[in-house]
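The values are calculated or read from the model by the stated rules, or taken from the named source; none is laboratory data. Values in this document were obtained by computation on a predicted structure and should not be read as measured data. Heads up, the Cβs are rebuilt from the backbone with ideal geometry, glycines too, and the neighbour counts pull from every protein chain shown.
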Amino acid sequence: MPPYRNLIPSSELAQEMVELAHRFGGRVPATIAADQILQIRHLDARTATLLIADLLHGDPRVRMTANGEIEIIANNATHSILEATEFVVVDVETTGTRTPPCRIMEIGAYRIKDGDIVDEFHRLVNPEAPIPPFIAALTGITDALVARAPRFAEIVHDWLEFAGLSILVAHNAAFDLRFLNHEIERLFPGYRLANESLCTIKLAKRLVPGLPSYRLRSLAEHFQISITNHHRATSDAYATAQIFLRLLERARASALNPPIALST
């Protein structure tokens, strides 16, 4: 089983099988999964079930039925921002743009519930590597500042507990989630965050078309939101949360048809 309830296997094959089961209405025979995902034709039901069960072992999203089917385990995920009531807006500051070798050196996050910010999370993180001068100048985070900060391994429990199963929101979400999942997989090989996610850049382009720029500062200026300390995780996460709340108001007012898709 996963070490935490909000971690799932990072296997692409497992993800494809979960998506296939969703396309089949929540349940798909193992023989079809073997055929369509593994490209193994005409496999008998017993062998297909054993093979798929092994590949999906420990994945909390699905189970194998007695009839040899992959079945989605129902949960409280909404799959729509119009139905969701709880989000965690997150920003990470990193030692560079690539994983590997770059690492997280700060995490800031805010919990939104029923339209209000109700909780916050902030940790400086020792990246266990030198911070390049350009990054230090950009963020103000220096080697000296993080020298006594906890390593990611020491704060991962707190972060996963704070994130829970909330929808994760970030500005350029692919970047933040890539780093978070990189750090998680270093500690828990083969696992990643289970949370659905939403990118405020994509959401803003849908709801506020025609802006000259969708950078965080540009969107903040558009909505008259101040960023007190740009390129620091707490400040950027707070600005992103404020922007997201404005976008959420617009999304609900317009009823978004078709709805914004969430990523997993």
Working carefully through the options H22, H57, find the one that is assigned to a loop (DSSP other than H, G, I, E, B) and either of a type outside the set (S, T, Y) or not assigned by TED's automatic domain parsing to the domain that holds A147 (or both). H57
Out of A144, A149, A174, which single residue is in a loop (DSSP other than H, G, I, E, B), out of contact with any helix residue (DSSP H, G or I) (no Cβ under 8 Å at 6 or more places or on another chain), modelled with pLDDT of 95 or more and not basic (K, R)? A149
Meets criteria (among the aromatic types (F, W, Y), over 17 Å from the mean Cα position of the chain (by Cα) and either farther than 16 Å from V169 by Cα or surrounded by fewer than 16 Cβ atoms within 10 Å (Cβ to Cβ) (or both)) for F223: yes
Tell me, which residue of the range 179-213 that is of a type in the set (S, T, Y) and closer than 16 Å to L245 by Cα is modelled with the highest pLDDT? T200
So if I check each of I32, I52, I70, which one is outside any loop (DSSP other than H, G, I, E, B) and either of a type in the set (D, E) or within 27 Å of L168 (Cβ to Cβ) (or both)? I70
Hey, N181 polar (S, T, N, Q), assigned to a helix (DSSP H, G or I) and within 9 Å of the chain's Cα centre (by Cα) or not: yes
Which residues, taken from the range 198-220, are of a type in the set (S, T, Y) and surrounded by 20 or more Cβ atoms within 10 Å (Cβ to Cβ)? T200
